[in-house]
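The structure under discussion appears below in the form of structure tokens.
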Amino acid sequence: MRKTFFVSFFILLSCCVFSQSLERKIIIQNGNYFFTTIDELTQLATLHIGKDTAKLKNAKLLAMPVGRNFDDPIIPFSWDLVDTSVFAISFFLHPLNDRNEAIKRMNIASLKEPNKTITPMDLIMLSVDMNPFAYNDPYLFVTRRSNTISGFFYDAVVVNDTSFVMAISNNGELSIWNYNGKEWKHSEVQKFPVEGFFSLFTLKNKTYLATNVGGLYEISLKGIVAAKNKSVGTNLLSSTLIINKDDNTVSYIKNSDINQHTPLNELIKKYAVRIF
Amino acid sequence: MQKTLRCLFIALVLFSFNSTAQDFTYSNVDLVNVTFSGGNLGIRRDLVGGSVYSSPQYVAGASTQNPVAYVSGVAPSAAASFTIDCPTVPATVNVRGFGSDSINFTSASCVVNPSATTIHTFNYPATVGSHVFAASVVRLFKPYTINWEISFDGGTTWKPIGTSNNTLYVTRSAPQAEGTTFKWYHTVFDISCRNAQYMSADTAVISKVWSEFTDQIVLNYNGDSLFYYKVMNISNTSLGALLQYRDAQCYTFAQLFLATIKIQGVVRTSNYVYITPINNLVCGYSVNRFLVKNWTFGTATGAGTCSTFPWRNTYNTATGTIPPPYNQYVFLTSDVTDQSGIPGSCNIRPSSYFNNHQIAKIDGVYYDACYGVTFPSLVSIKTAAFSGWGFRYSSGSTTNCFFTNNMSLSDLSETISTF
């Protein structure tokens with residue numbers, strides 16, 4: 001029965017995974033695109049990779065031992081990649097998944113294509129005992145400040161080898177965190193009510209926070225300030241950010257315009273709206 | 001003379017019967033289906049992403065009938081379709097229904113549709129029942145029965161033409177709106193209305209619904225068991241997955257309990273509690289594991305590494321603590337061993353080695369729906385339910401766990417949200 005379930009799971013994963021929504025963004029790096037999806041049942045992430053001139057449906061799939069839950073309100077999967085490493089905040093629900101150890105770093109080459117020999121439970125077990133990239137001090141800080149969770153959201157990006165930036169909100173407050181590979185530093189806690197999730201992206205060593213209602217802010221340990229004469233101009237729920245690390249551009253595309261049968265570069269040319 | 005009178009009487013009776021009585025050759029009437037309307041609630045199938053049961057809710061001959069739900073204080077509406085098999089049929093017939101809870105569906109004239117065959121159809125229009133379900137009272141009708149009748153003489157005489165049976169739920173108040181995880185699932189209605197039947201007050205509804213969990217036997221609408229870790233590392237964590245696969249983790253039982261309250265329109269915020277060790281540092285590591293009773297502590301072999309957490313277990317990192325076939329803990333070495341202890345829902349020996357757990361909190365009381373027990377405070381949980389604390393680290397292909405049975409060496413923290 002379980003074997004049948006796993007075989008069915010991976011057949012479904014292979015065939016239907018694209019019916020799941022993209023998590024936050026598409027990253028283009030070295031002529032390849034990368035995006036992630038989450039399986040609703042197992043909560044596990046899949047990394048999709050392909051040439052930026054190729055159709056999204058032809059992406060190579062890699063099973064990730066990380067994921068996120070589907071609790072209300074939704075916090076999309078927080079992930080980023082730099083060179084050969086992918087970073088993630090793994091917040092899937094599991095009684096052994098320690099939120100304090102949720103920040104993971106994986107070598108892309110270590111990820112396996114989904115197949116029936118790797119079960120979701122294997123991936124979960126792998127995840128819960130994977131040593132963290134850094135302890136999740138931002139989460140502990142926020143939940144110790146107030147153990148009532150309301151307006152709780154987070155996202156993180158990798159700026160460079162020595163800068164992992166995380167923004168986290170709860171109860172109308174936002175704080176910015178930076179991990180330099182050894183320790184965390186954080187900004188003052190700032191009043192910043194959010195009505196839904198936000199996403200971070202980096203450009204030219206600056207980090208930006210895009211709210212789900214289209215606002216755009218530059219963030220640092222000094223705090224958060226509105227980006228001058230800039231806005232995302234779209235609702236993040238209905239759009240996907242495109243972070244092009246090859247030409248240093250940031251744009252968005254409406255989810256309804258993402259056609260898996262069209263090469264990504266054509267989709268971008270036709271539908272993407274530039275932010276930077 | 002007497003004989004003449006007797007003949008005359010019989011002749012009159014026969015003449016009278018032939019000219020004015022119903023012709024029961026029309027008696028081959030069949031109930032085809034019944035549709036409920038008029039503010040009924042959309043009940044979802046017990047599936048991840050389950051669709052809403054459609055109408056007609058009753059279909060003659062179907063192996064199962066769709067459930068129906070209303071909010072109290074509302075009168076149900078019902079429509080029905082029938083067939084009549086007869087070469088000649090009247091232009092109209094009268095139909096009425098007598099429902100459970102003495103709710104009647106008044107007589108209505110129904111046009112018999114022409115047909116090229118002997119089988120004709122006619123429809124009883126959507127008709128509001130004679131009175132509302134009593135306001136602010138939970139009800140369960142299993143089944144809700146409507147006895148249907150027909151009259152061929154304009155309502156003078158009536159003949160039974162079938163009975164429809166549907167499970168019908170009446171919620172005390174309007175259910176809270178659906179969210180990503182809270183859905184109006186069939187079993188949510190069933191557990192809630194089955195246990196809180198005739199209840200009105202918030203506290204009574206909560207108390208009665210909770211009684212479903214206290215014997216560690218939680219049943220779905222169909223009487224099937226809902227298991228807490230039937231498969232010891234089951235990955236189901238959503239309410240839909242619990243109801244679909246009938247086996248899931250702690251998150252889902254907390255959600256199920258809260259859902260059965262929300263479906264009655266009972267509002268309690270800050271009701272969903274995530275508990276985990278406070279992550280205090282011991283021997284350079286963060287305490288992030290706890291053992292739910294019972295575990296036995298044998299000879300401690302790890303005191304050289306950590307004197308305060310001296311009991312040491314090891315396991316293969318790749319396979320985890322519960323390798324296939326996922327029915328017991330398997331360690332490479334073990335100073336502490338799992339025993340039968342606190343039973344969970346439909347499972348006398350569920351998983352018991354955790355980083356976190358989710359429970360409900362209502363009016364200051366902690367409700368652990370997985371085990372059917374309550375706690376008056378956060379601090380009381382560890383003494384009542386835990387055997388020990390632990391931390392662990394991975395080194396190569398092996399994970400090392402260190403434990404203590406000294407419950408004063410850590411504590412639980414809670415983060416509270418609203419389900």
Review point. Under 14 Å from the Cα of residue B:361, which aspartates and glutamates turn up, not counting those fewer than eight places away in the same chain?
Key: B:414
Study note, to complete from the structure: Once phi for every residue in region A:255-271 is put through the Karplus expression 6.51 cos²θ - 1.76 cosθ + 1.60 (θ = phi - 60°), the whole-Hz ³J(HN,Hα) values, with Gly and Pro written as x, are 4, 5, 8, 7, 10, 5, 9, 10, x, 4, 4, 6, 4, 5, 4, 7, 10
Study note, to complete from the structure: Rg/Rh of the protein assembly as shown (Cα atoms, Kirkwood Rh), to two decimals, equals 1.10
Exercise for review: Averaged over every viewing direction, what's the projected area of the C-alpha convex hull for region B:80-133? Give it in nm², one decimal, please.
Suggested key: 3.8 nm²
Exercise for review: Taking all protein chains together and a probe of 1.4 Å, list B:349, A:274 from the most accessible to the least accessible.
Suggested key: A:274, B:349
Review point. At a probe radius of 1.4 Å, what is the per-residue accessible area of residue B:210, in Å² to the nearest 10?
Key: 20 Å²
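What average number of partner chain Cβ atoms lie no more than 10 Å from the Cβ of the residues making up B:229-240? Walk me through the numbers before you get to the answer.
Working: counts 1, 0, 3, 0, 6, 2, 12, 3, 11, 7, 0, 3.
Partner-chain Cβ atoms within 10 Å, mean over residues of B:229-240: 4.
Taking only C-alpha pairs under 8 Å that are 6+ residues apart, what is the relative contact order of chain A in percent?
Working: 589 pairs, mean separation 42.8, N = 276.
16 percent.
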Practice item. Could you work out the Rg to Rh ratio of region B:281-394, with Rh taken as the Kirkwood radius (inverse of the mean 1/r over all Cα pairs)? Key: 0.98
Check your understanding: Counting only protein heavy atoms, what percent of the accessible surface of region A:183-276 is carbon or sulfur at a 1.4 Å probe?
Key -> 47 percent
Study note, to complete from the structure: Inter-part gap, Cα centre of region B:250-307 to Cα centre of region B:328-368, in whole angstrom, is 8 Å
**Study point:** residue A:191-residue A:220 pseudo-label distance in nm [points 7 Å out on the Cα-to-Cβ vector]
**Key:** 2.5 nm
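What value does chain B have for Rg/Rh, both radii from Cα atoms and Rh as Kirkwood defines it?
Details: Rg = 31.0 Å, Rh = 25.4 Å.
Rg/Rh for chain B comes to 1.22.
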Point to revise | chain A: radius of gyration over Cα atoms, expressed as a fraction of 2.2 N^0.38 Å | key: 0.96
Exercise for review: Return the sequence-ordered ³J(HN,Hα) values of region B:371-386 in whole Hz as given by the Karplus equation 6.51 cos²θ - 1.76 cosθ + 1.60 applied to θ = phi - 60°, using x for Gly and Pro.
Suggested key: 10, x, 10, 10, 9, x, 7, 5, 5, 6, 5, 5, 6, 7, 10, 9
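Quick check for you: with a 1.4 Å probe and neighbouring chains kept, what is the accessible area per residue of the protein assembly as shown, in Å²?
Values: 28340 Å² over 695 residues.
Value returned for the protein assembly as shown: 41 Å² of accessible area per residue.
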Check your understanding: With every protein chain present, what accessible area does residue A:144 have (1.4 Å probe, heavy atoms only), rounded to the nearest 10 Å²?
Key -> 150 Å²
Review point. Ordered by residue, what ³J(HN,Hα) values in Hz, to whole numbers, does region B:189-199 give under the Karplus form 6.51 cos²θ - 1.76 cosθ + 1.60, where θ = phi - 60° and Gly and Pro are x?
Key: 4, 5, 4, 5, 6, 5, 8, 9, 3, 6, 8
**Study point:** Dimensionless Rg ratio for region B:45-108, taking C-alpha atoms and the 2.2 N^0.38 Å reference
**Key:** 1.49
Practice item. At q = 0.15, 0.22 Å⁻¹, work out log10 I(q)/I(0) for region B:302-354 with the Debye formula, treating every Cα as an identical point scatterer and leaving solvent out; two decimals please. Key: -0.52, -0.92
Point to revise | Overall dimensions of region B:99-232 by Cα: Rg and Dmax, Å | key: 20.4, 66
Exercise for review: Go through region B:348-403 and name the chymotrypsin sites (Phe, Trp or Tyr not before Pro) that are in a DSSP coil and have 12 or fewer other Cβ atoms within 10 Å of their Cβ.
Suggested key: none
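May I ask which of A:182/A:204; A:25/A:270; A:25/B:183 have a Cα-Cα span longer than 25 Å here? Intermediate results must be reported in sequence, preceding the final value.
Details: A:182/A:204 23 Å; A:25/A:270 17 Å; A:25/B:183 29 Å.
Pairs exceeding 25 Å: A:25/B:183.
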Exercise for review: Leaving ligands, DNA and RNA out of it, work out the accessible area of residue A:166 with a 1.4 Å probe and give it in Å² to the nearest 10.
Suggested key: 0 Å²
Check your understanding: What residues have an amide H closer than 5 Å to that of residue A:155, excluding those fewer than 5 places away on the same chain, when H is modeled at 1.01 Å from N in the peptide plane?
Key -> A:167
Check your understanding: Cross-link partners among aspartates and glutamates for residue B:159, C-alpha distance below 16 Å, same-chain residues fewer than 8 apart left out?
Key -> B:23, B:30, B:85, B:149
Revision key, fill the gap. For region A:28-126 the translational diffusion coefficient, Stokes-Einstein from a Kirkwood Rh over Cα pairs at 25 °C and viscosity 0.890 mPa s, in µm²/s, is roughly 176 µm²/s
Practice item. Distance between Cα centroids, region A:161-178 to region A:184-203: provide it in whole Å. Key: 5 Å
Exercise for review: Could you list which residues have their amide H under 5 Å from that of residue B:236, counting only those 5 or more apart in sequence or on another chain, with H placed in the peptide plane?
Suggested key: B:249
Study note, to complete from the structure: For A:159, B:209, B:128, the accessible-area ranking with a 1.4 Å probe, largest leading, is B:128, A:159, B:209
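Let me check something: with ligands and nucleic acids excluded, how do A:213, B:170 order by accessible area (1.4 Å probe), largest to smallest?
Values: A:213 105, B:170 0 Å².
Ranked list, largest accessible area first: A:213, B:170.
Work out how much length residue B:398 to residue B:177 would gain on full extension: take 0.36 nm times their residue separation and subtract the Cα-Cα distance, in nm to one decimal. Before the final figure, lay out the partial values.
Values: separation 221, 0.36 × 221 = 79.56 nm, distance 4.68 nm.
Length difference between fully extended and current span is 74.9 nm.
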Point to revise | When each of A:230/A:254; A:60/A:230; B:230/B:262; A:222/A:254 is checked by Cα-Cα distance, pairs over 23 Å | key: A:60/A:230; B:230/B:262; A:222/A:254
Review point. Given 0.36 nm per residue, what is the gain on full extension from residue A:150 to residue A:184 after removing their alpha carbon distance, in nm?
Key: 9.9 nm
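The values are calculated or read from the model by the stated rules, or taken from the named source; none is laboratory data. Please read these numbers as outputs of a predicted model, since none were measured by experiment. Virtual Cβ from ideal backbone geometry, glycine too; neighbours counted across all protein chains shown. When the accessible area is computed, the model is the full protein with side chains, heavy atoms only, and any ligands, DNA or RNA have been set aside. Shrake-Rupley method; radii C 1.70, N 1.55, O 1.52, S 1.80 Å.
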